[in-house]
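K.L.:
First, the structure itself, so that you have it in front of you.
The values are calculated or read from the model by the stated rules, or taken from the named source; none is laboratory data. Since this is a predicted model, take the numbers as computed values, not measurements. Backbone-built Cβ (ideal geometry, glycine too); neighbour counts: all protein chains shown. The protein model used for the area step is the full one, side chains on, heavy atoms only, and it has no ligands, DNA or RNA in it. Shrake-Rupley method; radii C 1.70, N 1.55, O 1.52, S 1.80 Å.
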Amino acid sequence: MSFVETIGERMSEEESIARRGVHSLSSVVGLAYVVGLLQWPEVQILTGVGFAVIILLEFDRLVLGNSLLDPLYRDYEQESPAGYAYAISGMFLSVVLFEPAIAVAAVFVLSFADPIVGLISPNKLLRVKPVPVLAAMFVASFVVIAATDALLPGILQSVSPMEAPLGNPFPSIDISYAQAAAGALGATFADGVKFRVAGDSPVELVEPGMEVKGYVIDDNVTIPLYSGVLMTLVALV
């Protein structure tokens with residue numbers, strides 16, 4: 001039995017773009033940090049606040065039956081946490097668990113590489129995505145992580161060579177190519193390989209009238225976490 005979920009009613013192009021736009025908003029806090037608008041403790045506080053707000057929104061939607069962002073939900077998210085909730089959760093866990101440079105790079109992979117590669121991904125849930133999609137995710141993730149180290153510091157120093165806009169020093173961003181490759185590998189695995197655990201929620205529609213129940217581990221959480229863990233391990237080695 002193949003592990004495939006055909007998304008019942010496909011989202012419109014506008015709704016899909018809107019979802020990807022919301023997805024990329026998770027980069028705002030990281031960008032504020034690298035340009036010197038926020039210090040790392042402030043980043044951790046803001047992401048913590050964002051995480052708390054998301055918990056309240058999802059409680060309001062799933063338990064109380066209200067919804068402020070109805071057009072952004074897919075069919076299978078009507079009775080389970082939405083993708084944006086997992087994305088904010090992944091960002092929050094990353095800034096808590098990893099050192100700043102690694103956390104920011106991992107969040108940027110989720111914010112930029114994942115939505116871009118999502119444009120060419122099949123509109124269905126597969127146990128393992130096609131090889132071209134896996135390769136695209138690896139390349140996109142590697143470029144995002146490497147650019148976080150290679151481009152951002154130089155660009156910022158050329159724009160404001162003395163200090164960041166609020167007088168804070170620009171943060172040190174030091175990520176090796178080996179770390180970038182490891183982080184890209186982690187993100188690719190998280191995006192391309194899906195795991196299902198037991199539960200009562202229908203996640204797989206094999207053919208009309210046939211359902212398989214369980215829960216799929218959402219890659220909006222695992223992409224930054226797998227990426228950050230592998231980058232951290234390479235740094236330790």
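K.L.:
For a quick check of understanding: with a 1.4 angstrom probe and all protein chains in place, what accessible area in square angstrom does Tyr226 have, to the nearest ten?
P.N.:
Near enough 80 Å² of accessible area.
K.L.:
Let me ask something else. Taking the solvent-accessible surface of protein heavy atoms with a 1.4 Å probe, what is the per residue accessible area of the stretch 80-136 in Å²?
P.N.:
38 Å²
K.L.:
Given R₀ = 25 Å, what would the calculated FRET efficiency be for Val49 paired with Arg127, taking r from the Cβ atoms and rounding to 0.05?
P.N.:
0.10
K.L.:
Using the Cβ atoms and a cut-off under 11 Å, what net charge is assigned to the surroundings of Ile102, where Lys and Arg are +1 and Asp and Glu are -1?
P.N.:
Every neighbour counted, the sum reads -3.
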